[in-house]
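Student: I have a structure I would like to understand better, so I am pasting it below and will then ask my questions one at a time.
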Amino acid sequence: MNLQKIDAHQHFWQRSQPFDYQWLDNPKLAQICGNYLPQDLKPHLENRKIDGSIFVQTQHNLLENEWVLNFCSEYQFLLGIVGWVNLASPECEDQLLKARQNPKFLGVRHVVQDEPDDNFLIRQDILKGLSILEKHGVPFDVLIYPKHLKHVPFIANKFPNLKMVINHLAKPQIASQRMDHWDDEFIACSKFANVFCKLSGMVTEADWDLWKPSDLKPYIDLAIQGFSPSRLMYGSDWPVCELAATYEQVFDALAVNIHGLSVAEKSAIFAETAKGFYALRS
């Protein structure tokens, strides 16, 4: 049986765009410092029979929304984007309403992991912004480290109608096979029905050169235990994943680790959860 498959987390960048790509100048990221565009992703999706993908923001810049939304009208496989609005701005609602004029604008993300304030998520101005997302039924992608997980239950409780998805399992220490300082708070987040998780970004938290699919299994298993497949979704994190693996290796690693699940459970992880979370049309 051929399951429908959606990649719920991938990126594009083009160095000639007027965006802040300085982070790509880090020598450790030399392998991915070039341009990555829809025509580069398309063959990978075809290789693994992925039916469509969702772009996720890389910039705190409204112009990136417009740039990628233009791709959505050109490439049928692009199902939509998780873009950005300034949650701290008095103009947050206006920015959101403008973005939502395009039905391909599916959600909002902020790169919380890079904020110098560890309490960024619970600042009053950010909470006001999150209340606007809840008001308009726009889901929130949460890009955080384990140290930020403690804030997720607070937000989930305060905004019960705001759907949130933790990106990359909050980046546990897979390279050292450690689960402490992550697992308890990760499971605490899973207790809230409005909190979801992306099975994404794991290979770049593993040993880039020596990782193997079994290194990921304890983390995937805990996510399944806590969230169940109905609140988990597949994401490649392409092209960031290319620091450690090909697109195909990322997909295959997840597939082998969930091989024992039922067809319905696999279908949830590979498509149905993302379709419901982002209100995608079938």
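Student: Within the bounds of region 81-93, is there any residue that is of a type in the set (A, V, I, L, M, F, W, C), within 21 Å of Val250 (Cβ to Cβ) and under 19 Å from the mean Cα position of the chain (by Cα)? Write out each step before concluding.
Tutor: Our first condition is that a residue be of a type in the set (A, V, I, L, M, F, W, C); within region 81-93, this holds for 81-82, 84-85, 87-88, 92.
Next, from what is left, pick out any that are within 21 Å of Val250 (Cβ to Cβ): 81-82.
Those still in the list that are under 19 Å from the mean Cα position of the chain (by Cα) too: 81-82.
Among the residues of region 81-93, at least one is of a type in the set (A, V, I, L, M, F, W, C), within 21 Å of Val250 (Cβ to Cβ) and under 19 Å from the mean Cα position of the chain (by Cα), which makes the answer yes.
Student: Same structure, new question: Out of the helices (runs of 4 or more DSSP H) lying entirely within region 230-279, which hold 2 or more residues that are under 16 Å from Thr204 (Cβ atoms), at pLDDT 95 or above and of a type in the set (A, V, I, L, M)? Spell out how you get there, then give the answer.
Tutor: Working: elements: 247-257, 263-267, 273-277.
In region 230-279, 247-257 are the helices (runs of 4 or more DSSP H) which contain 2 or more residues that are under 16 Å from Thr204 (Cβ atoms), at pLDDT 95 or above and of a type in the set (A, V, I, L, M).
Student: Being farther than 23 Å from Leu37 by Cα and β-branched (Val, Ile, Thr), is that true of even one residue in region 221-232? Full working, then the answer.
Tutor: Kept after step one, since they are farther than 23 Å from Leu37 by Cα, are these residues of region 221-232: 221-232.
Okay, now just the ones that are also β-branched (Val, Ile, Thr), so 224.
Looking through region 221-232, at least one residue is farther than 23 Å from Leu37 by Cα and β-branched (Val, Ile, Thr).
Student: Only one residue in Phe77, Phe120, Phe140, Phe105 is in contact with a Ser or Thr (Cβ under 8 Å, 6 or more places away or on another chain) and aromatic (Phe, Trp, Tyr), so which one is that?
Tutor: Numbers: Phe120 fails: in contact with a Ser or Thr (Cβ under 8 Å, 6 or more places away or on another chain); Phe140 fails: in contact with a Ser or Thr (Cβ under 8 Å, 6 or more places away or on another chain); Phe105 fails: in contact with a Ser or Thr (Cβ under 8 Å, 6 or more places away or on another chain).
One residue alone meets the criteria, Phe77.
Student: Let me ask you something else. Out of the residues in region 223-241 that are surrounded by fewer than 20 Cβ atoms within 10 Å (Cβ to Cβ) and in contact with a helix residue (DSSP H, G or I) (Cβ under 6 Å, 6 or more places away or on another chain), state the one that is farthest from Phe270 (Cα to Cα).
Tutor: Residue satisfying both the conditions and the ranking: Gly226.
Student: Continuing with this model, one more query. So which pairs qualify, if the first residue must be in region 77-105 and in contact (Cβ under 8 Å) with a residue 60 or more places away in the chain, the second must be surrounded by fewer than 21 Cβ atoms within 10 Å (Cβ to Cβ) and among the hydrophobic types (A, V, I, L, M, F, W, C), the Cβ gap must be under 6 Å, and the two must be at least 6 apart or on different chains?
Tutor: Leu79/Leu280
Student: Then there's this: Only residues that are in contact (Cβ under 8 Å) with a residue 12 or more places away in the chain, closer than 25 Å to Lys198 by Cα and assigned to a helix (DSSP H, G or I): list them for region 56-76, please.
Tutor: Leu62, Glu64, Asn65, Trp67, Val68, Leu69, Phe71, Cys72
Student: So which pairs qualify, if the first residue must be in region 17-28 and in contact (Cβ under 8 Å) with a residue 24 or more places away in the chain, the second must be surrounded by 11 or more Cβ atoms within 10 Å (Cβ to Cβ) and of a type outside the set (Lys, Arg), the Cβ gap must be under 6 Å, and the two must be at least 6 apart or on different chains?
Tutor: Phe19/Gln59; Phe19/Asn61
Student: Another one. Please enumerate the residues belonging to region 63-108 that are under 20 Å from Ala271 (Cβ atoms), touching an Asp or Glu at 6+ places or on another chain (Cβ under 8 Å) and surrounded by fewer than 20 Cβ atoms within 10 Å (Cβ to Cβ).
Tutor: Of everything in region 63-108, just one residue is under 20 Å from Ala271 (Cβ atoms), touching an Asp or Glu at 6+ places or on another chain (Cβ under 8 Å) and surrounded by fewer than 20 Cβ atoms within 10 Å (Cβ to Cβ), namely Phe77.
Student: When Leu79 is evaluated against the numbered criteria (1) touching a Lys or Arg at 6+ places or on another chain (Cβ under 7 Å); (2) within 19 Å of Ala274 (Cβ to Cβ), which criterion, by number, is the only one it fails?
Tutor: If we test Leu79 against (1) touching a Lys or Arg at 6+ places or on another chain (Cβ under 7 Å); (2) within 19 Å of Ala274 (Cβ to Cβ), just (1) comes out false.
Student: Additional query: For Arg178, only one of the following conditions fails: (1) of a type outside the set (S, T, N, Q); (2) surrounded by fewer than 23 Cβ atoms within 10 Å (Cβ to Cβ); (3) touching a helix residue (DSSP H, G or I) at 6+ places or on another chain (Cβ under 8 Å). What is its number?
Tutor: Of (1) of a type outside the set (S, T, N, Q); (2) surrounded by fewer than 23 Cβ atoms within 10 Å (Cβ to Cβ); (3) touching a helix residue (DSSP H, G or I) at 6+ places or on another chain (Cβ under 8 Å), only one is false for Arg178: (3).
Student: Would you pick out the residues in region 182-217 that are among the polar types (S, T, N, Q) and either over 18 Å from the mean Cα position of the chain (by Cα) or surrounded by fewer than 16 Cβ atoms within 10 Å (Cβ to Cβ) (or both)?
Tutor: Step one: of region 182-217, the residues among the polar types (S, T, N, Q) are 190, 194, 200, 204, 214.
Of everything in region 182-217, just one residue is among the polar types (S, T, N, Q) and either over 18 Å from the mean Cα position of the chain (by Cα) or surrounded by fewer than 16 Cβ atoms within 10 Å (Cβ to Cβ) (or both), namely Ser214.
Student: Going through region 110-145 one residue at a time, which ones are over 15 Å from Val85 (Cα atoms) and crowded, with 19+ Cβ neighbours inside 10 Å? Give the derivation first.
Tutor: First, pick out the residues of region 110-145 that are over 15 Å from Val85 (Cα atoms): 113-120, 122-124, 144-145.
Result: Phe120, Ile144.
The values are calculated or read from the model by the stated rules, or taken from the named source; none is laboratory data. Just so it is clear, the model here is predicted, and its values are computed rather than measured. Here Cβ is always computed from backbone atoms with ideal geometry, including for glycine, and neighbour counts include all displayed protein chains.
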